[in-house]
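Written below as structure tokens is the structure these notes are about.
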There are 2 protein chains.
Amino acid sequence: MATVTLKDVAELAGVDVSTASRALSADKSSLVKRATRNRVLSAAEELGYRGNLQASALRRGRTATIGVIVADLSNPFIGPVLRGIANALGNRDLLPIMTETRDSSDELARICDKLLAQRVDGVITTAGRYRDRSLLKRVASEVPTVLAVRELPGSGIPAISHDDVAGGRLAAEHLLSLGHTRCAQLMGPEDIWSFEGRGQGFREAIAAAGATCIDITGAIRLPTVEAGLDLATELLDRSGRLPTAVFAHNDSMAIGAIGAFRERGLEVPADISVVGYNDVPLTDQLRPPLTTIRLPGYELGRLAAELVLTRIDGVESTAEKVVLAPELVVRQSTARPAADTVGHVDPN
Amino acid sequence: MATVTLKDVAELAGVDVSTASRALSADKSSLVKRATRNRVLSAAEELGYRGNLQASALRRGRTATIGVIVADLSNPFIGPVLRGIANALGNRDLLPIMTETRDSSDELARICDKLLAQRVDGVITTAGRYRDRSLLKRVASEVPTVLAVRELPGSGIPAISHDDVAGGRLAAEHLLSLGHTRCAQLMGPEDIWSFEGRGQGFREAIAAAGATCIDITGAIRLPTVEAGLDLATELLDRSGRLPTAVFAHNDSMAIGAIGAFRERGLEVPADISVVGYNDVPLTDQLRPPLTTIRLPGYELGRLAAELVLTRIDGVESTAEKVVLAPELVVRQSTARPAADTVGHVDPN
DNA sequence: CTGAAAGCGCTAACAA
DNA sequence: TTGTTAGCGCTTTCAG
């Protein structure tokens, strides 16, 4: 099992290693006589030669790998993004090195260190929180970096993201068009662009229509079903009139909210409408099927990968920021407010 | 941004590179005088030195990376597995390189090539189908390899997997205990250990109880909601009595099946019981909440990682095969068969 | 078109 | 305890 090197191939083919190297390299192979190349190729074949990318990377100063950092691999929304990235990179024969931070800044720092030590040629990260700005700026100064999904305003790092402001607005306009005039939103974790944007878009659109918007913010660490349940409970326990509609900053939270409402005897959408965000798989199978905002994850991943690639190629002039449009998916968790609910409902 | 090398650090500290190397290496640093080490350390700090893993790998013959191959990143069940792997590897300062095959054998072959060219120190794969056996055997002959989730009987490659036979049996026993005597199973893709095992366990347990088991196999490529819908429709369109309970080989298929049944006016579980497999997130939020089999994904990942690690360390004597026990989670998609359904039901 | 030579950045004998 | 030396496997001038 002694690993076979280029030298072995060269010897078997009766040429110098430099010639063997040329013969095997995709772009330089034209510099080698047909016959010689064939001899090298068949020698390589015969020995089962497999180039050592480490050695090649060391020599060329490029590893042909891209570090990909995500916050949460379990987030069903991330699958398509990663697939988009992998596909775009695969075409160029780069290998994505995927890592997960679980949204911890310490973990992010550790991972960045590792990735830089691995000398990845570029980094794509979906895991940046505002508080990670300086860390990521440092990374970006060392290696071509692009943000995906989450922007980092003021960082100067190019980003491919969803238009979350528009997504929030979409949710608001849908509810407004159904006749809701008193809405609440269950805010995702602070410190993260995606949720900030959704919150802002929703709030502004509601306000612009002269309706009421209640923001419920809690000590949410992750936007999970439990977080949605907690925030919804907080909403229910507030004094004052209940809203007739709720915008949860993602689908998991929406599901938690629906559970909380049901516990208190409120039916969705009869008593209260709920809108989610992301359109993750199975949301259409829920009770009731969830009205939500769909995002083009695959496309986003693909664009992010293409952006790092052009940056690696040294093109700096690329657009610094791309935002993709979200889409409203109307299902059955939203409806017109019940006539008698408008204005006065008893939470108990 | 000229990248700073060990030589720079050594010069600044006024020592030889070899000394600098020793001072910075975790285990060799004791060979260096306290004072010298401190000088090196602060020089490194000052210059922002970051070791080049490529170079180090080339020299030591180890890359400190492990290739991780999964079939489908979107499968919610895989998240915990990857997390278990990442955690176990992180403790040893190895970097997992995660890749996805989308269950394509060609893609698997490409990925293995890349990983081997990267000279990963080990490989963990959850993506093997029977037809990939020889490919994976070749991989295993070049680098320590372990199978996770899916076994490859006869390959001789060590595996950490779930006891899918027991899982199938669990599903069967649950249905039998409810009084079902005519059951069907919607089989997952052929050529994959996990589904084979589930099928076998279920079939045997049903048979052992003297009940009837109908296997529905289709040209399923992936075990998706659509696949479940198709197979369930096939079941409904069969001539002969319908079963009173159905075991779908994963949760997605179970959901598809429930949809198909509902379309034909059959209520779950009143008219027909359904059991899924995996207990993926949100299955408890479905209508009805799904009875399913839960698997210890995180644990499995952790064990798989530990197994490659011991193999990398040269320990060959480790158990070649570990199977983890599944657990039945009873929710509301299963019930006793309706008295009048037992024996004669009209699909329309 | 091919070979000789010089490293990429690091580590590990082996000496001193 | 530290320095010297010799590469790991590959690519790329530079000559020929």
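The values are calculated or read from the model by the stated rules, or taken from the named source; none is laboratory data. Since this is a predicted model, take the numbers as computed values, not measurements. As a convention, Cβ positions derive from the backbone with ideal geometry for all residues, glycine included, and neighbour counts pool all protein chains shown.
Some points to look at:
- Residue count for region A:9-31 satisfying the condition of being touching a residue at least 12 places away in the same chain (Cβ under 8 Å) and not in a loop (DSSP other than H, G, I, E, B): 9.
- Residue within region A:232-244 that is within 29 Å of A:Thr125 (Cα to Cα) and not assigned by TED's automatic domain parsing to the domain that holds A:Tyr130 present: no
- Residue in region B:33-64 that is farthest from B:Ala13 (Cα to Cα), counting only those that are assigned to a loop (DSSP other than H, G, I, E, B) and more than 11 Å from DNA strand C (Cβ to nearest atom): B:Thr63
- Residues in region A:233-259 that are crowded, with 21+ Cβ neighbours inside 10 Å and within 14 Å of chain B (Cβ to nearest Cβ): A:Ala248, A:Asn250, A:Asp251, A:Ser252, A:Met253, A:Ala254, A:Ile255, A:Gly256, A:Ala257, A:Ile258.
- Test: residue in region A:90-101 that is surrounded by fewer than 19 Cβ atoms within 10 Å (Cβ to Cβ), more than 10 Å from chain B (Cβ to nearest Cβ) and within 16 Å of DNA strand C (Cβ to nearest atom): no
- Residues located in region B:213-232, provided they are part of a loop (DSSP other than H, G, I, E, B) and away from every other protein chain (no Cβ under 14 Å): B:Thr217, B:Gly218, B:Ala219, B:Ile220, B:Arg221
- Given (1) modelled with pLDDT of 95 or more; (2) near DNA strand D (Cβ under 10 Å from one of its atoms); (3) more than 14 Å from chain B (Cβ to nearest Cβ), index of the condition A:Lys28 fails: (1)
- Selected residue (criterion: surrounded by the fewest Cβ atoms within 10 Å (Cβ to Cβ)) from residues of region B:260-275 that are within 14 Å of chain A (Cβ to nearest Cβ) and within 30 Å of the chain's Cα centre (by Cα): B:Ala260
- Cβ separations smaller than 6 Å between residues 6+ apart or across chains give the following pairs from region B:313-341 residues that are β-branched (Val, Ile, Thr) to residues that are assigned to a loop (DSSP other than H, G, I, E, B) and modelled with pLDDT of 95 or more: B:Val323/B:Asp163; B:Val329/B:Asp279; B:Thr334/B:Pro269; B:Thr341/B:Thr244.
- Considering region A:1-23, the residues that are surrounded by fewer than 19 Cβ atoms within 10 Å (Cβ to Cβ) and within 12 Å of DNA strand C (Cβ to nearest atom) include one that is nearest to B:Lys114 (Cα to Cα), namely A:Thr5.
- Test: residue in region B:159-170 that is assigned to a loop (DSSP other than H, G, I, E, B) and out of contact with any Lys or Arg (no Cβ under 8 Å at 6 or more places or on another chain): yes
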